[in-house]
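The values are calculated or read from the model by the stated rules, or taken from the named source; none is laboratory data. Since we're looking at a predicted model, the values are computed, not measured. Positions of Cβ are generated from backbone atoms using ideal geometry, with glycine treated the same way; all protein chains shown enter the neighbour counts. SASA here: full protein model, heavy atoms, side chains in, ligands and nucleic acids out. Shrake-Rupley method; radii C 1.70, N 1.55, O 1.52, S 1.80 Å.
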Amino acid sequence: VQLMESGGGSVQAGGSLQLSCTASGIIFSTCGREWYRQGPGKEREWVSSISRDGTLTNADSVKGRFTISQDNLKNTIYLQMNSLRREDTAVYYCAAACWKRYWGQGTQVTVSS
């Protein structure tokens, strides 16, 4: 099983980025699909999820700004991030919550003022 994130980069505060995560070795939609992040000096925190039944959930810190979505034909999930803030700076990880949790390698997002 492999999860491959892409789309990270550097952006100014108020800007937008879209992250992608493509899975191989599993049918992504049969698992919970998740985004996490780990900021500098912080613990990894959950950001957003799509459950197996399609329920979308976001952390309070990103509600109204981040949107998780899926393309099952591409075995891919996305995280659209708008109105980015400096505190969103982190390495972003996708995860597949199947019979075990699989992790991607992470992609860096840096937001500058």
#### Entry: FRET efficiency for residue 87 and residue 30, using Cβ-Cβ distance with R0 set to 35 Å, rounded to 0.05
0.55
### Query
What FRET efficiency, computed as 1/(1 + (r/R0)^6) with R0 = 30 Å and r the Cβ-Cβ distance, is obtained for residue 4 and residue 65, rounded to the nearest 0.05?
0.80
### Task
Whole number in Å², please: accessible area per residue of the chain, 1.4 Å probe, ligands, DNA and RNA not counted.
52
### Query
Summing Lys, Arg as +1 and Asp, Glu as -1, what charge do residues with Cβ under 15 Å from the Cβ of residue 32 carry, residue 32 excluded?
+2
### Task
Taking the Cβ of residue 98 as the centre, find all other residues whose Cβ is under 14 Å away and add up their charges (Lys, Arg: +1; Asp, Glu: -1).
+3
### Accessible surface of region 1-60 [probe 1.4 Å, protein heavy atoms]: carbon and sulfur percent
46
### Message
Springs between alpha-carbon pairs under 10 angstrom, Gaussian network model over the chain: which of 26, 50, 68 fluctuates most?
### Response
26
### Summary
Of the accessible area of region 68-110, computed with a 1.4 Å probe and all protein chains kept, carbon and sulfur make up a percent value of 47
### Set of lysines with alpha-carbon distance to residue 63 below 21 Å, sequence-local pairs under 8 removed
42
### Query
Given Cα pairs under 8 Å that are at least 6 residues apart, what percent is the relative contact order of the chain?
37
### Ratio Rg/Rh, restricted to the chain and using Cα atoms, in which Rh is the Kirkwood radius
0.95
### Task
Name the most mobile residue of 14, 41, 64, meaning the one with the largest mean-square fluctuation, in a Gaussian network model of the chain with Cα contacts below 10 Å.
41
### Query
Most fluctuating residue of 20, 61, 49 in a GNM of the chain with Cα springs under 10 Å: which is it?
61
### Summary
Stretched fully, the stretch from residue 72 through residue 101 gains (0.36 nm per residue minus C-alpha distance, one decimal, in nm) 8.6 nm
### Task
Enumerate the calculated ³J(HN,Hα) couplings along region 104-113 in order (Karplus 6.51 cos²θ - 1.76 cosθ + 1.60, θ = phi - 60°), each rounded to whole Hz, writing x wherever the residue is Gly or Pro.
x, 8, x, 9, 7, 10, 10, 10, 10, 8
